[in-house]
Amino acid sequence: MRSAAKFLQLLRDAKASGVLVEEVTWARLGQITGGSVHQGIALQTAAAETLDLDTLIDGCSDLGEPALLLALDGVTDPHNLGAIVRSAEAMGAHGVVLPQRRSAGLTGSAAKVAAGALEHMPVARVVNLNRSLEKLKDSGYRVIGLAAEGDVTLTDVDLDGPLVLVTGSEDQGLSLLTRRHCDQLVRIPLRGITPSLNASVATALCVYEVARRNWMKDIHGQAPSPPIVRPRTAPNEEPESTPLDSASEVESETTQEAVVQESDPIEINLSASASAEPAEILFDESIQLSN
């Protein structure tokens, strides 16, 4: 079927419409469909809207505070993705950058684990993560990667200014190419026998450290947290009035004027005329009355 002309045309139409077409293994397809019966093809729909990277960068330019973005490299587990988005949104991050390939999508599973955070966290989908990291550098961001081989610990790293925290997959971590595009690699010291942390947990620790040094440093006791300003991803423009709307408004105003002008009193004569003859009462003879 892969070589059928209709099937290839379907793939071309899907790509032309902006649909990401990816060939995966049968096991991966079973994971996507949750073990359901399929015929070798599955379609994933996003549980939240995404935007392009330029829109996210422009939206973060006037926040009034240094922006904090998260970039995920090879995080294919939707539960990890949902947990990362939930922690990032709660700790005050401003956006997430997801590659289109080698990454979990914004599926229903991710949205469920995120517990509503996807409704408030801007997510940018990019074709190439490494080119996107370079674009972020050109926009004034410092790119910090989380890796066990980092040359500086989380407590010693400089976390001032606009930042991009890059998290890799649990089994392989950051790819070699992504490491080369990071300005600095940071590690989290561990004391136990377990060699590593869950990707979502490691990301949450880093985001918390950024928050602790910035907006959280002046909060004590039951003092409230400062309100967060999210990036503006779409201008708030008032909808233009269409000719139909204008005609409706004119018709409405005309009707109202007519009602206002119709203010002359209407006299109703309820008195019966004395000269009027009494009306003749007619009976239907076909109706029989019985006791």
task = Please report, in Å, the Rg and the Dmax of the range 10-167, where both are computed over Cα atoms only.
result = 16.7, 53
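Efficiency by 1/(1 + (r/R0)^6): what FRET value for V127 and R212, r their Cβ-Cβ distance, R0 = 30 Å, to the nearest 0.05?
Details: r = 34 Å, r/R0 = 1.14.
So, using R0 = 30 Å, E works out to roughly 0.30.
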key: Segment A4-R180, length gained on full extension (0.36 nm per residue, minus Cα span)   = 59.2 nm
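Taking the Cβ-Cβ separation of E134 and A42 as r and a Förster radius of 45 Å, what is the calculated FRET efficiency to the nearest 0.05? Numbers along the way, then the final one.
Numbers: r = 33 Å, r/R0 = 0.73.
Step by step, r from the Cβ atoms, then E = 0.85.
Tell me, E23, E134 in order of fewest to most beta-carbon neighbours within 10 Å? Each step should come with its number before you reach the end.
Values: E23 8, E134 12.
Result, fewest neighbours first: E23, E134.
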Förster radius 22 Å - calculated FRET efficiency between V201 and Q222, Cβ distance, rounded to 0.05 = 0.25
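Read the figures in this text as sums done on the coordinates, not as results from a lab. Quantities reported herein were computed from a predicted structural model and do not represent experimental measurements. Glycine also receives a Cβ, built like all others from the backbone with ideal geometry; neighbour counts cover every protein chain displayed.
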